[in-house]
Each structure stands twice: as C-alpha cells, then as structure tokens.
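Enquirer: Let me begin by handing over the structure; questions about it come next.
The values are calculated or read from the model by the stated rules, or taken from the named source; none is laboratory data. Treat the numbers as computed from the prediction; the structure is a model and nothing was measured. In this analysis, Cβ positions are derived from the backbone assuming ideal geometry, glycine residues included, and neighbour counts consider all displayed protein chains. Note: accessible area is taken over every heavy atom of the protein model, side chains too, but ligands, DNA and RNA are not part of it. Shrake-Rupley method; radii C 1.70, N 1.55, O 1.52, S 1.80 Å.
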Amino acid sequence: MHPDPMTELPKLEREWMSAWMSKDIETCDRILDDEFLLSSARGNLMPKADWLVNAKGPFNCESFEWLEILVRPFGEFAIVHSRTRQRASVGGQDWSGVFMLTDVWVVRGDAWRVVSRHGTGPLPEAAS
C-alpha cells in the first residue's frame, strides 16, 4: 500500500522545492520519476536529465513560499495544483513572483514520483 496522497504529496512537494533551493540533486533525483517532463512558463519541454543539470547550475532560488496547495487523488495517480511565490533567477535573469503549478504524481512501487510539472508565471502583481 502506498502512502496517503493527501498527506504525502504536500510533504513531497515541500521536500522537492527545498532540495531545489539547496541544490540537493540526490533528493530531486529521487522525487522526480525517470519520465518527468517540465512544461515551463518559458515555452520549453524539459526532461528530467535537463532539469537536474539546470538545478545544479543556472536555476537559483533564494526563497520559495507555498500560498495554496490542492491535492486531487485518482487512485494510482494524483494532481497537485498550487500557487507559490518565489525569489529566483535563471541564468542571471530574474524569475521572481507568483506562479501557478500543476504537478502530476504516480505511484511507482511503494512511493509517489512526480512525472509532470506545468508552470505558469510569474503572474501579474494583481494575481498575488
């Protein structure tokens, strides 16, 4: 039996973003499924290997705050919708503000793994 998504997925979301901020690539690698794909707000499709390389280098996050998180379980998969605020840069360009994230999680063995993230943002200030 896999862990309850209503308690496990918010914990894993926080663990993943904390690992991203501290450049803990081992933890990110464990949480991301081999099939992970990011649909970025900049219009890129980024597989796991590329995401991990960028997490080590040009992605830099100073602060990350969860404003809202909603878990929608569907058996062996779940969708997590969230609204977040970050202070970050990508390759020296400011990438700060409020973002909407949609993550898809699946059960692999006895653990949840994220297979997809779609990010939108930064949103206009009125949305924060």
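Enquirer: Go through the range 91-101 and give me each residue that's in a strand (DSSP E or B), open to solvent by 40 Å² or more (accessible area, probe 1.4 Å) and in contact with a strand residue (DSSP E or B) (Cβ under 6 Å, 6 or more places away or on another chain).
Expert: Within the range 91-101, just Met100 meets the criteria.
Enquirer: Identify all residues within the range 66-82 that are within 16 Å of Trp112 (Cα to Cα), acidic (Asp, Glu) and under 14 Å from the mean Cα position of the chain (by Cα); write none if there are none.
Expert: Within the range 66-82, no residue meets the criteria.
Enquirer: Continuing with the same structure: Which condition breaks for Val104 when tested against (1) in contact with a Pro (Cβ under 9 Å, 6 or more places away or on another chain); (2) under 19 Å from Val115 (Cα atoms); (3) in a strand (DSSP E or B)?
Expert: The number of the failed condition is (1).
Enquirer: What's the total number of residues in the range 64-104 that are in contact with a Cys (Cβ under 7 Å, 6 or more places away or on another chain) and among the small types (Gly, Ala, Ser)?
Expert: Of the residues in that region, 1 qualify.
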